[in-house]
Amino acid sequence: MAEELRQYIRAQTHADEAEVANRLLREDNLDSATKTTISDQATLLVEGCRQRSHEAGTLDAFLQEFGLSNKEGVALMCLAEALLRVPDEATADQLIAEKIRSGDWGSHQGASSSRFVNASVWGLMLTGRVVALGSETTEDTGSWVKTLTRKLGEPAVRRAILQAMRIMGGQYVLGRTIEEAIRKGRAANSPGTRFSFDMLGEGARTASDAQRYFDAYAEAICVLANANTEGDITHADGISIKLSALHPRYAFSQYDRVISELLPRVKQLALMAKAGDISLTIDAEESERLDISLDLFEARARDPDLTAWDGLGFVLQAYQKRAEATCDWLIALARETDRRLMVRLVKGAYWDREIKHAQELGLSDYPVFTRKCNTDLSYQICAAKLLGATAVVFPQFATHNAHTVSMIKALAQGNTNFEFQRLHGMGQLLYAQLSKSDPSTPIRVYAPVGNHKDLLPYLVRRLLENGANSSFVNRFLDASVSARELNRDPIEQVLAVSQRRHPKIPLPRHLYAQESAPWLNAIGFDLNDASVVRDRSKRLTSLSQRTEARPIVGGQSVTSEPSPVI
């Protein structure tokens, strides 16, 4: 059964969005009365939070002021993302000057209710020194910002802005070490809050990178195991690991090497987690890595050395078109292996990258939905499946969306065998409001741990994921958006549009169809797709035609000893 589902998952990777969305619509089993109740409850949550907006977390407040809805927010996002790839100081100087010059920063000064956000505005305009501000500075921000921009090539200003961004990002990392994170996490959250710690770091580029990340994971597991006083693994703190951080060549094209080298490392960490009675979750990666991730996860799920341990977890991304099929596979795998798996359902954090990657390769379609409401629909269907299988899976619902929270509560129908998850630095106000009406609501905080140098990529993902105009987090505390509008039923939104696919996001092959001289994008092959690789290999090995080529000199074919060309 599980193997048949794997084949179906592969077939759904680049499926037609309309077909997938229509199939998901047919599986919606919430009646209209329940949907109305969900929207009403979500509206009450939002209105309650807006009455306490002064208690909002720092990232919620920052996104409200600097989302992707104004040029200053766009400048910050572009700057943070681009600085990751700038190799030299001169280019960084020019980039900072361009982006800071493009914004009207004075218009944001004092606009937020968050003192931290207001301080960030000054941090992005000043060199980082404490100075006495005269009236010409505080009253006429435009003139001195122009003066400042003429000096933005100075290395001191570049370092100041980088430092300001690090300080901003530091609000969203719980601690530099696992010990500090545990201590600060317990102090800053209500008793009973659970944590899933993530040791910051993107994909390993070298073997030494991979070893460093492995050591960090191993150390964290030991500390968490020693601190664990819970009798139930679902109540204990756990850890999330990124497979790409544990191997520098984590790709299907390196399949044999990855399986032989990475699989033992994951098993070693899993055995440590089992011994400490804590959970270990395989974190989400880019879509082209899902297939190999499922192979590695299945190997651990079927490992006899890991039986009698219900702490093995997997992150399921609802924005992938194959999310429902993957959900079915996880449930089937749990039943086949006679164990209970943890499944964290998320909407997805790599959307921009997934779209661009498919366009670059000229693929037949995108692996992710192009409309946010389709992702929300996928999330609902997957949530219903997980809540219907709590005997074999422990559902973990990661969301900062009030409508999604209310929808989960309605689907659960009194079942408390699940938990909500939020990011550290985000969602505090929403879940604090929820806990007022239902104190028994189990909440886990996903908490990054690490140094500032590993922070920026994580921060950029969070900003891009939540900074869009359509993002719930971006509009959550915006009083100009009615709470009722904010909590529209996603299925209603799916049905309200005539095209399931977003009309402004053409298929990768048709990317240039609207140009003055239109042409088809070149077709590429996704060599991280097992089915594509098998098809290419089969075609290569079945070639029987032999072609010989010789030079022609003076009209005569020159013969010599032939050399094979492959």
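Solvent exposure of region 474-513 amounts to 55 Å² per residue of accessible area, where only protein heavy atoms count and the probe is 1.4 Å.
The convex hull around the C-alpha trace of region 474-542, projected and averaged over every direction, spans 9.4 square nanometres. Taking all protein chains into account, the per residue accessible area for region 204-274 stands at 44 Å² (1.4 Å probe). For trypsin sites (Lys or Arg not before Pro), the sites in region 179-243 that DSSP calls loop and that have at most 11 other Cβ atoms within 10 Å are ARG205. Mean sequence separation of contacting Cα pairs (under 8 Å, at least six apart), scaled by the length of region 494-550, corresponds to a relative contact order of 16 percent.
A DSSP coil position with no more than 13 other Cβ atoms inside 10 Å describes the following GluC sites (Glu not before Pro) in region 197-250: GLU230. Taking the Cβ-Cβ separation of LYS436 and ILE523 as r and a Förster radius of 41 Å, what is the calculated FRET efficiency to the nearest 0.05? It comes out at approximately 0.15.
Using the 1.4 Å probe convention, the accessible area of region 361-426 works out to 23 Å² per residue with neighbouring protein chains retained.
For region 338-349, putting each phi into the Karplus relation 6.51 cos²θ - 1.76 cosθ + 1.60 with θ = phi - 60° gives couplings of 6, 9, 9, 9, 8, 10, 8, 8, 10, 8, x, 10 Hz, in residue order, rounded to whole numbers and with x for Gly and Pro. Taking Cβ atoms as reference points and 13 Å as the exclusive limit, the residues near ARG344 contribute a net charge of +1, counting Lys and Arg as +1 and Asp and Glu as -1.
Relative to the globular-protein estimate of 2.2 N^0.38 Å, the Cα radius of gyration of region 502-566 stands at 1.92. For the pair region 369-423 and region 234-264, the centres of their Cα atoms are 26 angstrom apart.
Prolate is the label for region 277-325, because the ratio a/c of its alpha-carbon gyration tensor axes (a ≥ b ≥ c) is 1.5 or higher and a/b is greater than b/c. Stokes-Einstein diffusion for region 349-461 at 37 °C, viscosity 0.692 mPa s, with a Kirkwood radius from C-alpha pairs, works out to 201 µm²/s. Here region 502-566 has 56 percent of its accessible surface on carbon and sulfur atoms, given a 1.4 Å probe and all protein chains in place.
Of the residues SER39, SER253, ranked by 1.4 Å probe accessible area with the largest first, the sequence reads SER253, SER39.
Taking every protein chain into account, the 1.4 Å probe leaves THR559 with about 110 Å² of accessible area, to the nearest ten.
The values are calculated or read from the model by the stated rules, or taken from the named source; none is laboratory data. What you are looking at is a predicted structure, and each value in this text was computed from that prediction instead of being measured. Ideal geometry is used to build each Cβ from the backbone, glycine not excepted, and the neighbour counts take in all protein chains shown. Areas reflect the complete protein model, heavy atoms only, side chains present, ligands, DNA and RNA absent. Shrake-Rupley method; radii C 1.70, N 1.55, O 1.52, S 1.80 Å.
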